[in-house]
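K.L.:
Dropping a structure here in structure tokens format, bear with me for questions.
The values are calculated or read from the model by the stated rules, or taken from the named source; none is laboratory data. Only a predicted model underlies this, so the values are computations on that prediction, with no experimental measurement involved. Cβ coordinates were reconstructed from backbone atoms using ideal geometry, including for glycine residues, and neighbour counts include every protein chain displayed.
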Amino acid sequence: MASLYRMVDKHLKKRLHTEFGTTLVRLDILYTLDMNPEGLSMGSLSSELFVTNGNISGIVKDLSKSGLVEMAPALTDRRSMIVTITPEGRDYIKEIVESHHEWVEDLLADMSQTQVLQLSELLRALKKSVAPKLEERLLQDD
């Protein structure tokens, strides 16, 4: 499983850079903001992605300069910044996600529909089994 993950991760990062001029972290930020249309504070965004505020803030500033996100002071605390995805950011993420789906379909083309469905079910079961244990351990580490 680790070997396959490394292969897919390496190829995905290369494709994101070559085809879209972006990185996996930038994509994760945009995707997370797309799933949270009301926006997120920098701290919440960092927590969602399990990265430091320092790492996020520079990337968010770059995304803002590119017009993909907007930053505004929070209404309740002017020291805190709320980050939201722009319509341009939504279009950009949609294009990447569509390309990603095509890529995954291409990778799985040699598998039957039944095999793909079985794999999906097994991966969902694995996630359901493992995720709570990992989340519990993450909380213990804090």
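K.L.:
Suppose we keep only residues that are within 20 Å of I59 (Cα to Cα) and among the hydroxyl-bearing types (S, T, Y) within region 73-124. Which one would you say is surrounded by the fewest Cβ atoms within 10 Å (Cβ to Cβ)?
P.N.:
S80
K.L.:
If the requirement is being assigned by TED's automatic domain parsing to the domain that holds S64, over 16 Å from the mean Cα position of the chain (by Cα) and among the hydroxyl-bearing types (S, T, Y), which of these qualifies: T22, T18?
P.N.:
Selected residue: T18, the only one of T22, T18 that is assigned by TED's automatic domain parsing to the domain that holds S64, over 16 Å from the mean Cα position of the chain (by Cα) and among the hydroxyl-bearing types (S, T, Y).
K.L.:
Looking at this structure, is L75 over 27 Å from H11 (Cβ atoms), at pLDDT below 95 and in the same structural domain as D9 (by TED's automatic domain parsing)?
P.N.:
yes
K.L.:
Here is a check on your reading of the model: is V51 within 16 Å of Y31 (Cα to Cα) and either at pLDDT 90 or above or not assigned by TED's automatic domain parsing to the domain that holds F20 (or both)?
P.N.:
No, not satisfied.
K.L.:
Still on this structure: Return a yes/no flag: does region 87-104 have any residue that is more than 27 Å from V8 (Cα to Cα) and either small (G, A, S) or in the same structural domain as T22 (by TED's automatic domain parsing) (or both).
P.N.:
Yes, region 87-104 contains at least one residue that is more than 27 Å from V8 (Cα to Cα) and either small (G, A, S) or in the same structural domain as T22 (by TED's automatic domain parsing) (or both).
K.L.:
Hey, could you check region 60-83 for residues that are out of contact with any helix residue (DSSP H, G or I) (no Cβ under 6 Å at 6 or more places or on another chain) and of a type in the set (V, I, T) and say which is farthest from I29 (Cα to Cα)?
P.N.:
By that ranking, first place goes to T76.
K.L.:
Go through L63, L30, L68, L75 for me and flag whichever is within 30 Å of L119 (Cα to Cα) and not acidic (D, E).
P.N.:
L30
K.L.:
Oh, and also: Which one of the conditions (1) in a helix (DSSP H, G or I); (2) free of Cβ contacts under 8 Å to residues at least 12 places away in the same chain; (3) out of contact with any Leu (no Cβ under 9 Å at 6 or more places or on another chain); (4) of a type in the set (A, V, I, L, M) does L75 fail to meet, given that it meets all the rest?
P.N.:
Checking L75 against (1) in a helix (DSSP H, G or I); (2) free of Cβ contacts under 8 Å to residues at least 12 places away in the same chain; (3) out of contact with any Leu (no Cβ under 9 Å at 6 or more places or on another chain); (4) of a type in the set (A, V, I, L, M), the one that fails is (1).
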